[in-house]
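Participant: First the structure, then my questions, so here it is.
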Amino acid sequence: MLANSNQNKRIELEVKKLGIFELRGLAREVGVPSPTTKKRDQLIEGILERFYKGEIDEVVITKKGRPYKKLAVVDSILSNMTMHENFSNQTKLVSYEDILAFAQVMPVMGGATNKEGTFSGIVRQSANDEFYMFYDFNTSNTIFLPVGLKFVNLIKNGDEVECRAKMASSNQYFAVEINKINKVKASSYTPQKIVLGEPVISNQTIDFDGKKIYVGRRNLIFVEENFYENKSFEKLEEQALKNGYNVVYLSLNSSIEDDIKLKQFKGFVFSSKFDEISSKSLNQALDCVNLCENLLENGQKVLLVVPDIVNIIRVLDCCFVDENKMYNHSMQSIVIVQKILSLGKAFSSGASITAVLGCSTYDKNDQFITEQLVKIAKIV
């Protein structure tokens, strides 16, 4: 049953306010064909057309490939569009690669303008291998790199890329020149990739709050302390940098005070503020994981610090609403967090990732923490 006229107008306004990420998810829900290949206006037109024709009630998702999921905002709009939903309940397990494909942003079609700038971020390859893209560290603009661009053949998923790009729309730019890859001038850059061997036990230690962290021996550390109030974390960063580690932070929906503190750290900081849209948080988490994996494959050591691992799960839960739950959380949230947990590794090559995960005493009651995290991470 369709809503009344006033409700129709309200739904139309709500749809037009959505970003491309949410529009793609909603379009997939209501049966608009090939949503990832359509521009913003085409997505809006296709969604509203199905709504006004009263076809939404009959939609059944049977397409294989990308996982079936509903963004929270999409679920809210759908509930207003129809009196009931008739979507199939799929049980297909979701992979990290599936989530990367779903979060993919498509470039707008059209020519570039004269406005240009220099941008940098963590690059990822599109699902169909047609282009690379990244979100600029400072502006969150989306930068696209065509596969035919000079030096683009040297980059891979998770590389840090700096380039000059021209504006194509209000928040999308197309690269015209790659300046640096992993902080090295592009014309001098040589891709690095090591063969990761068997795990080894290392006696190298880093001091933390009067205790020893054995780097390469115990690589997943569960810390029940307030990250932002503990001075030991600052000392941990100093020691890690002195020992040749890349320090990476992941903190989503940070308060204003915590965001200020995060910006004082010297490593890579992947964060979102409490008032930013959910897709920003999701993409920050994906970029963080891609960077860490890339650094490991390049033979570099990494210290990954997640001040509040349970909050990461909760924030990601807001990105997706699923019929299928794991430990009372979104399946996609758990997949991403499991990917973060899997990063804690040490290899005979000397490359290692040590993950420090913060968690409050209260959050230890979370089912995922009690049944998964506590089992594989020793409390410091």
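The values are calculated or read from the model by the stated rules, or taken from the named source; none is laboratory data. Just so we're clear, the structure is a prediction, and the values are computed from it rather than from any experiment. Glycine also receives a Cβ, built like all others from the backbone with ideal geometry; neighbour counts cover every protein chain displayed.
Participant: Working only within the range 127-145, note down all residues that are of a type outside the set (A, V, I, L, M, F, W, C) and either modelled with pLDDT of 85 or more or touching a Lys or Arg at 6+ places or on another chain (Cβ under 6 Å) (or both). Please lay out each step first, then the result.
Facilitator: Here is the first cut: in the range 127-145, the residues of a type outside the set (A, V, I, L, M, F, W, C) are 128-130, 132, 135-136, 138-142.
Of everything in the range 127-145, those that are of a type outside the set (A, V, I, L, M, F, W, C) and either modelled with pLDDT of 85 or more or touching a Lys or Arg at 6+ places or on another chain (Cβ under 6 Å) (or both) turn out to be Tyr132, Tyr135, Asp136, Asn138, Thr139, Asn141, Thr142.
Participant: Tell me, please, whether a residue that is surrounded by fewer than 19 Cβ atoms within 10 Å (Cβ to Cβ), of a type outside the set (A, V, I, L, M) and in contact (Cβ under 8 Å) with a residue 40 or more places away in the chain can be found in the range 238-256.
Facilitator: Yes: one or more hits.
Participant: Another question, then. Looking at this structure, is Asn294 of a type in the set (S, T, N, Q) and in contact (Cβ under 8 Å) with a residue 60 or more places away in the chain?
Facilitator: Yes; evaluated as a whole, the condition is true for this residue.
Participant: Residue check: is Lys9 modelled with pLDDT under 70, more than 29 Å from Glu97 (Cβ to Cβ) and outside the structural domain of Tyr135 (by TED's automatic domain parsing)? Steps first, answer last, please.
Facilitator: Working: modelled with pLDDT under 70: yes; more than 29 Å from Glu97 (Cβ to Cβ): yes; outside the structural domain of Tyr135 (by TED's automatic domain parsing): yes.
So Lys9 passes the test.
Let's see how each residue does on (1) of a type in the set (Phe, Trp, Tyr); (2) touching a residue at least 40 places away in the same chain (Cβ under 8 Å):
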| residue | (1), (2) |
| --- | --- |
| Gly158 | no, yes |
| Arg164 | no, yes |
| Met167 | no, yes |
| Phe174 | yes, yes |
| Glu177 | no, no |
| Lys180 | no, yes |
| Lys193 | no, yes |
| Val215 | no, yes |
| Asn219 | no, yes |
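Participant: Right, another one. Looking only at the range 165-196, count how many residues are under 25 Å from the mean Cα position of the chain (by Cα), surrounded by fewer than 15 Cβ atoms within 10 Å (Cβ to Cβ) and among the charged types (D, E, K, R).
Facilitator: 2
Participant: Please enumerate the residues belonging to the range 315-361 that are under 17 Å from Ser271 (Cα atoms), in contact (Cβ under 8 Å) with a residue 24 or more places away in the chain and under 16 Å from the mean Cα position of the chain (by Cα).
Facilitator: Across the range 315-361, the qualifying residues are Val315, Leu316, Cys318, Cys319, Ile336, Val337, Ile340.
Participant: For a quick check of your reading: which helices (runs of 4 or more DSSP H) sit entirely within the range 257-347 and have at least 2 residues that are farther than 16 Å from Asn157 by Cβ and of a type in the set (Gly, Ala, Ser)?
Facilitator: Result: 278-297.
Participant: Run down Asp258, Asp275, Asp287 and say which single residue is touching a helix residue (DSSP H, G or I) at 6+ places or on another chain (Cβ under 7 Å) and acidic (Asp, Glu).
Facilitator: Working: Asp275 fails: touching a helix residue (DSSP H, G or I) at 6+ places or on another chain (Cβ under 7 Å); Asp287 fails: touching a helix residue (DSSP H, G or I) at 6+ places or on another chain (Cβ under 7 Å).
Every option except Asp258 fails the conditions.
Participant: All but one of (1) crowded, with 17+ Cβ neighbours inside 10 Å; (2) not in a strand (DSSP E or B) hold for Ile221; which doesn't?
Facilitator: (2)
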